[in-house]
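The values are calculated or read from the model by the stated rules, or taken from the named source; none is laboratory data. Because the structure is predicted, anything quoted here is derived from the model rather than measured. Cβ atoms come from the backbone with ideal geometry, glycine included; neighbour counts cover every protein chain shown.
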Amino acid sequence: MKGKEMKRKIKVIKKFKPHDKVLPFKGPESVKAECLECFEYEYSHTASGRNMEIVSVTDEFTSVCPFSGLPDFARVTIRYVPDKYCLELRSLKYYLLSYRDVGIWYEHLVNKMLEDLVFACRPRRMAVLIECNPRGGISSTVTANYDRDTMGTPEEWLEGKELK
């Protein structure tokens, strides 16, 4: 096909149709971000405290496929540099558990989780990494990042997102 451009049509599916059945599941609006709690970080004013990074990891994360309702399993890593507040781990566990029956695409999940966590503790920087167990032999890793210096306050960040 020299000299000719090959054009491929992209097929975008707006509404998936399950072939057999769908297990019941909840929507992302049922995630319980209001259960997230924080405590004051006493070292935010010190040089070492301003550069401390907190890393929280769990291999026990589950949500469900928004197409079939079948369970999805993933490892979640949350890395952040706190400002004035740190996430309280018990409440973080309850927050993560609230996804158990939620149908959500991984690409949406990582962004929702980042938004909820940033608004809860207002860190200097945060990254959420989700390493999804293989589906059909394909594993996926998705990451979303927040940096207050380049993205502004959580409100400015969200406002910029909504404008687009």
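Pairs linking a residue in the stretch 40-55 that is closer than 21 Å to residue 89 by Cβ to a residue that is β-branched (Val, Ile, Thr), with Cβ atoms under 6 Å and 6 or more positions apart or on different chains, are 53/81.
Which residue, of 93, 112, 32, is closer than 18 Å to residue 151 by Cβ and not polar (S, T, N, Q)?
Answer to the check: 112.
The stretch 50-155 holds strands (runs of 3 or more DSSP E) entirely within its bounds, and those carrying 2 or more residues that are among the polar types (S, T, N, Q) map to 54-64, 138-147. Which residue is nearest to the chain's Cα centre (by Cα), if the candidates are limited to the stretch 89-109 and must be buried (at least 16 other Cβ atoms within 10 Å of the Cβ), under 16 Å from residue 121 (Cα atoms) and without any contact (Cβ under 8 Å) to a residue 60 or more places away in the chain? In this case the residue turns out to be 96. Count of the stretch 115-131 residues, restricted to those that are touching a strand residue (DSSP E or B) at 6+ places or on another chain (Cβ under 7 Å), surrounded by fewer than 20 Cβ atoms within 10 Å (Cβ to Cβ) and of a type in the set (A, V, I, L, M, F, W, C), is 2. Note on the stretch 49-73: residues that are closer than 22 Å to residue 125 by Cβ, out of contact with any helix residue (DSSP H, G or I) (no Cβ under 7 Å at 6 or more places or on another chain) and not acidic (Asp, Glu) total 7. Residues that are modelled with pLDDT under 95 and of a type in the set (Lys, Arg) within the stretch 123-147 comprise just one, 135.
Any residue at all in the stretch 125-146 that's more than 18 Å from residue 73 (Cβ to Cβ) and more than 15 Å from the chain's Cα centre (by Cα)? Within the stretch 125-146 (the criterion being more than 18 Å from residue 73 (Cβ to Cβ) and more than 15 Å from the chain's Cα centre (by Cα)), the answer is no, since none of the residues qualifies. Within the stretch 27-47, if we keep just the residues that are modelled with pLDDT of 90 or more and among the hydroxyl-bearing types (Ser, Thr, Tyr), the residue that is surrounded by the fewest Cβ atoms within 10 Å (Cβ to Cβ) turns out to be 46. Taking the criterion of being surrounded by 14 or more Cβ atoms within 10 Å (Cβ to Cβ) and over 18 Å from the mean Cα position of the chain (by Cα), the only residue of the stretch 51-66 that qualifies is 52. Summed over the stretch 76-109, the residues that are under 23 Å from residue 140 (Cβ atoms) and in contact with a Leu (Cβ under 8 Å, 6 or more places away or on another chain) give a count of 8.
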